[in-house]
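Below is one structure, written out as structure tokens; the observations come after it.
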Amino acid sequence: MGRNLHWVSLCIVGAVMDRLYFETKIVGSDEGVISGLAWKFGTPDRIGDWIEPGAFKGVKLPLPLLFGHDMNDPVGTWDIAEEKADGLHLTGKLLVDDVGRAREVRALVKSGAVRGISIGFITRKAQARTGGGRTIKSLELLEASLVTIPMHADAKVTSAKSAVQALQLVAAINRAAAHIGRN
């Protein structure tokens with residue numbers, strides 16, 4: 001299985017769409033509002049691809065929010081895309097009031113079972129990197145999916161507010177209890 005399981009390319013209207021998986025911080029609320037770091041600058045993904053700042057310029061919104069890159073499984077929209085110093089940040093909404101699958105996905109995000117974001121795009125300008133992978137300077141972002149195991153280890157859901165904050169609190173309590181138990 002290996003590396004090829006994580007990298008997928010498909011033909012879409014005569015162009016190749018690349019899918020890069022990377023773990024992200026995702027945060028979602030009970031209302032379905034969700035945000036995350038979709039691509040972290042300064043580090044390559046698991047296959048060595050590196051997307052440079054400025055490559056996401058001109059993102060067309062709203063962007064489809066899919067589950068697992070399944071184009072037949074839209075669960076919401078990404079309505080805000082901001083390229084910041086650390087990477088591409090997305091904010092959107094799972095359509096929990098209208099789509100049953102979106103409610104299921106929200107539950108998976110809130111539980112921590114799904115915490116990755118993966119982007120689907122068409123490469124416009126890139127060059128090969130020494131040692132493997134590419135440096136991508138320009139792309140057309142087509143979609144961003146919630147996934148279990150992303151290609152980029154730093155791509156994470158950052159806001160599923162109640163769920164992520166609760167999991168962080170539990171982890172902090174467990175660390176404190178372990179520390180107290182050692183003393």
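The values are calculated or read from the model by the stated rules, or taken from the named source; none is laboratory data. Here the structure is a predicted model, which means the values were calculated and not measured. Quick reminder, even Gly has a Cβ in these numbers, built from the backbone with ideal geometry, and neighbours come from all protein chains shown.
Output yes when any residue across segment 76-87 is at pLDDT below 95 and either in contact with an Asp or Glu (Cβ under 6 Å, 6 or more places away or on another chain) or not small (G, A, S) (or both), and no when none is. First the steps, then the outcome.
First pass over segment 76-87, keeping only residues at pLDDT below 95: none.
Among the residues of segment 76-87, not one is at pLDDT below 95 and either in contact with an Asp or Glu (Cβ under 6 Å, 6 or more places away or on another chain) or not small (G, A, S) (or both), which makes the answer no.
In the list A102, A126, A113, which residue meets the criterion of being surrounded by fewer than 23 Cβ atoms within 10 Å (Cβ to Cβ), at pLDDT 90 or above, assigned to a strand (DSSP E or B) and hydrophobic (A, V, I, L, M, F, W, C)? So that I can check it myself, show each step before the final result.
Working: A102 fails: assigned to a strand (DSSP E or B); A113 fails: assigned to a strand (DSSP E or B).
That would be A126, the only listed residue that is surrounded by fewer than 23 Cβ atoms within 10 Å (Cβ to Cβ), at pLDDT 90 or above, assigned to a strand (DSSP E or B) and hydrophobic (A, V, I, L, M, F, W, C).
Can you tell me which residues in segment 129-149 are in a strand (DSSP E or B), of a type outside the set (K, R) and farther than 25 Å from F67 by Cα?
T135
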Check: What number of residues within segment 129-183 are of a type in the set (D, E), within 27 Å of E31 (Cβ to Cβ) and either modelled with pLDDT of 95 or more or more than 13 Å from the chain's Cα centre (by Cα) (or both)?
Finding: 1
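I'm trying to understand the selection: among the residues of segment 47-74, which are part of a loop (DSSP other than H, G, I, E, B) and either closer than 20 Å to A113 by Cα or of a type in the set (S, T, Y) (or both)? Steps first, please.
Initial filter on segment 47-74 (part of a loop (DSSP other than H, G, I, E, B)): 47-49, 52-62, 68-73.
G68, H69, D70, D73, listed by residue number.
Can you tell me which residue among G76, G131 is in contact (Cβ under 8 Å) with a residue 40 or more places away in the chain, crowded, with 18+ Cβ neighbours inside 10 Å and not aromatic (F, W, Y)? Give the derivation first.
Numbers: G131 fails: crowded, with 18+ Cβ neighbours inside 10 Å.
Just one listed residue meets the conditions, G76.
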Next item on the list: Please name all residue pairs, on different chains or six or more residues apart, with Cβ atoms under 8 Å, provided the first residue is in segment 149-168 and is among the hydroxyl-bearing types (S, T, Y) and the second residue is at pLDDT 55 or above and in a helix (DSSP H, G or I).
Entry: S162/K110
